[in-house]
Structures are given as C-alpha cells and as structure tokens.
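See structure below.
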Amino acid sequence: MQTIHTKYELINALKPLTNIAFVPTMGNLHEGHLTLIQEAFKKTEYVVVSIFINPLQFNSTEDFKRYPRTLEEDLSILKKIGVPFVFAPSESEMLDSLQTFAMHLPQIAYDLCGKFRPGHFEGVAIMVYKLFNLVQPEMAFFGKKDFQQLFLIKALVKQLDLPINIIGIDTVRHDDGLARSSRNSLLNVEYRKKAPQLFQTLNSMKEKAIKKSLSFDEIEAFATQSLNASGWIVDYLSIRSSQSLASPVHDENQLVILGAATLGSVRLIDNIEFCIHD
Ligand code: PAF
C-alpha cells in the first residue's frame with residue numbers, strides 16, 4: 001500500500017492509471033466505509049481512499065476538534081484489506097492556499113442539514129471538488145446515510161461536467177438498527193443504547209405515511225415531539241421527494257424521510273427511502 005501525503009506525489013502515482021475508483025473519507029473507518037471500499041474493488045483494482053478531516057465543513061470548532069482521529073488504525077485496516085493507494089494529506093498540504101474561491105450551491109443545500117450547519121455543504125463541495133481534481137477518478141463511492149451530501153455531489157458532477165460516476169451505497173447498520181457513523185464512538189453507554197430510536201422513529205413515520213392516516217406535517221410534528229420527549233434535540237424529521245429532496249408534491253411515490261437529532265452533544269443523522277405504492 002502506498003500512503004501518500006502530498007498532492008504532488010499523488011498526481012504522479014496516479015498518472016499512469018485509468019479506471020480509478022475513489023472513496024473519500026474523514027477516517028475513523030467503520031463497516032460503512034469498508035462496504036464502500038468493497039464495492040469499489042468490485043469495479044477495479046485501482047482503489048484510492050482519502051483520509052482528510054476537512055475543517056471547511058465543520059461549522060463549529062468544538063465539533064472539529066473532537067472529531068475522532070485514528071489515522072494509524074485506519075492505515076492498518078486499509079493495508080490489511082489490500083487498498084493500493086491512500087491519500088492522507090496534512091491540513092496545510094490540502095489547504096495550502098487561502099480558500100477564497102467559494103461555491104454557491106443549489107438552494108436545497110441551505111435546507112435540512114444545511115439550515116442547521118451553515119457553511120457545511122459549501123465546505124464539503126469545495127473539498128470533494130479539490131479531491132476529484134487531484135484523483136481524477138472514473139467513479140466515486142459515497143454512503144447513502146449522508147443522503148443530502150450524496151444528492152449535492154451528484155448535482156455537482158452533473159452541473160460542472162465532471163466525468164465521474166457517483167455511486168451511492170446503502171447505509172450499513174448495527175444489529176439494533178443504528179446507522180454506522182464515526183460519530184457513534186462519541187456516544188456514552190446510555191446514549192448508545194438510546195441511539196437506535198432515531199431509526200425506529202423514521203420507520204414508524206414511514207408506516208404512517210404509507211397508511212395515510214395523518215398528513216405528512218402531522219407525522220413530522222408527532223415524531224419530533226416524541227423524540228424530543230425522550231431526551232433528544234431534534235433538528236428536523238422531514239418527509240421529502242427522494243428525487244428532488246423538495247417537499248413531496250401530491251401523490252409523489254418515491255420518498256425519503258430524513259432526520260437529524262442530537263443526543264447529549266452528539267448529532268446523528270439518518271434516513272429511510274421508500275415508495276408509497278409499488
Ligand atoms: O462524508 C464524508 O466523510 C465527507 O463529507 C467527505 C465526503 C469525505 C468530504 O470531506
């Protein structure tokens with residue numbers, strides 16, 4: 001495995017290759033990341049994994065500081081599973097010039113997580129764009145847990161004509177339903193037990209939406225109230241079109257329920273996609 005720390009070395013190492021599959025990460029690798037890597041290996045032997053905790057996408061310094069950093073463990077996992085290239089730049093290498101170019105994103109980037117984490121998706125978009133330019137992959141893999149991120153990255157490559165196939169991979173869950181996330185390691189024992197309630201709530205919202213016994217607004221309000229009552233602080237629980245992320249139009253069939261809520265000081269997100277009728 002080549003562990004590469006500079007942009008210059010990365011460009012040189014990848015120059016002779018075609019058909020590169022890219023898995024960008026912020027490290028603290030878990031089953032979710034490993035599934036993305038496995039899927040990448042199904043397409044090509046040239047898999048590039050990046051590990052970079054991107055300061056541009058954190059809207060709170062506190063959150064950035066305590067984000068789990070496990071580079072040594074991550075590298076040994078990647079080595080074991082035979083990843084040929086890992087790009088792990090330092091902050092100064094990756095952000096060596098002032099990032100004064102900004103991206104104005106589609107309106108949907110300022111809704112849902114974008115509303116509660118100002119600047120987050122601009123930071124993601126700039127970093128993903130930089131990484132795509134450096135790696136020049138044929139395809140890139142992202143988890144569907146970050147549904148809004150995946151949606152925006154698909155829009156980014158489409159609107160900026162980047163010749164990259166963006167592949168979304170299903171969320172990997174613990175046995176109790178909790179979506180795998182690097183942030184789970186920040187939960188204490190009590191909150192870890194409680195954490196599956198987020199996915200359970202999304203599931204019960206889905207059942208209600210299919211039954212049509214309540215309006216979507218009522219389903220969202222009821223679910224928000226019950227999670228808040230059991231000790232969460234809900235940012236949003238929202239039923240949307242899975243195609244546009246807008247509020248569903250009348251009789252829309254392909255839906256997604258997205259949720260973000262905080263337990264203690266740990267903010268978790270999750271979502272569930274479904275169709276109202278077959
Ligand atoms: O999903 C992530 O881990 C990050 O947002 C990404 C895509 C690596 C960009 O920093």
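One equal scatterer on each Cα of the chain, no solvent, Debye formula: the resulting log10 I(q)/I(0) at q = 0.09, 0.10, 0.16 Å⁻¹ is -0.44, -0.54, -1.35.
Values of log10 I(q)/I(0) for the range 1-94 across q = 0.12 Å⁻¹ run -0.38, by the Debye formula with one identical scatterer at each alpha carbon and no solvent. For the range 91-135, the Cα gyration tensor yields ellipsoid semi-axes of 22, 11, 9 Å (square root of five times each eigenvalue, largest first, whole Å). Considering all C-alpha pairs of the range 49-88, those separated by over 17 Å amount to 39%.
Roughly what % of DSSP beta bridges within the chain run antiparallel, to the nearest 5? Once the DSSP bridges in the chain are tallied, antiparallel ones form about 50 percent. Of the chymotrypsin sites (Phe, Trp or Tyr not before Pro) found in the range 83-117, those that fall in a DSSP loop while having at most 13 other beta-carbon atoms within 10 Å are Phe101.
Taking the Cα centre of the range 83-149 as origin and assigning +1 to Lys and Arg Cβ atoms and -1 to Asp and Glu Cβ atoms, the resulting dipole is close to 280 debye. Couplings 3J(HN,Hα) of the range 28-37, computed from phi: 6, 5, 9, 3, x, 5, 5, 5, 4, 5 Hz, in residue order, whole Hz [Karplus 6.51 cos²θ - 1.76 cosθ + 1.60, θ = phi - 60°; x for Gly and Pro].
Share of pairwise Cα-Cα distances greater than 15 Å in the range 159-206 is 58 percent (whole percent). For Tyr236, nonlocal amide neighbours, meaning residues 5 or more places apart or on other chains whose placed amide H falls under 5 Å from its own, are Ala260. Calculated on the Cα set of the range 156-278, radius of gyration then Dmax: 15.7, 47 Å.
Charge dipole of the chain (Cα centre as origin; +1 on each Lys and Arg Cβ, -1 on each Asp and Glu Cβ, all else neutral): 240 debye, rounded to the nearest 20. Rolling a 1.4 Å probe over the protein heavy atoms leaves Met1 with an accessible area of roughly 90 Å². Rounded to the nearest 20, the size of the Cβ-charge dipole of the range 124-221 about its Cα centre is 140 debye, with Lys and Arg at +1 and Asp and Glu at -1. I'd like the distance separating the alpha-carbon centroids of the range 41-56 and the range 176-217, in whole Å. The range 41-56 and the range 176-217 have Cα centres spaced 28 Å from each other.
For the range 64-154, the Kirkwood radius over C-alpha pairs fed into Stokes-Einstein at 4 °C and 1.567 mPa s yields D = 84 µm² per second.
The values are calculated or read from the model by the stated rules, or taken from the named source; none is laboratory data. Note that the structure is a prediction, hence the values are computed from the model and not measured. Cβ sites come from the backbone with ideal geometry, for glycine too, and all protein chains shown count toward neighbours. All accessible areas refer to the heavy atoms of the entire protein, side chains included, with ligands and DNA or RNA removed. Shrake-Rupley method; radii C 1.70, N 1.55, O 1.52, S 1.80 Å.
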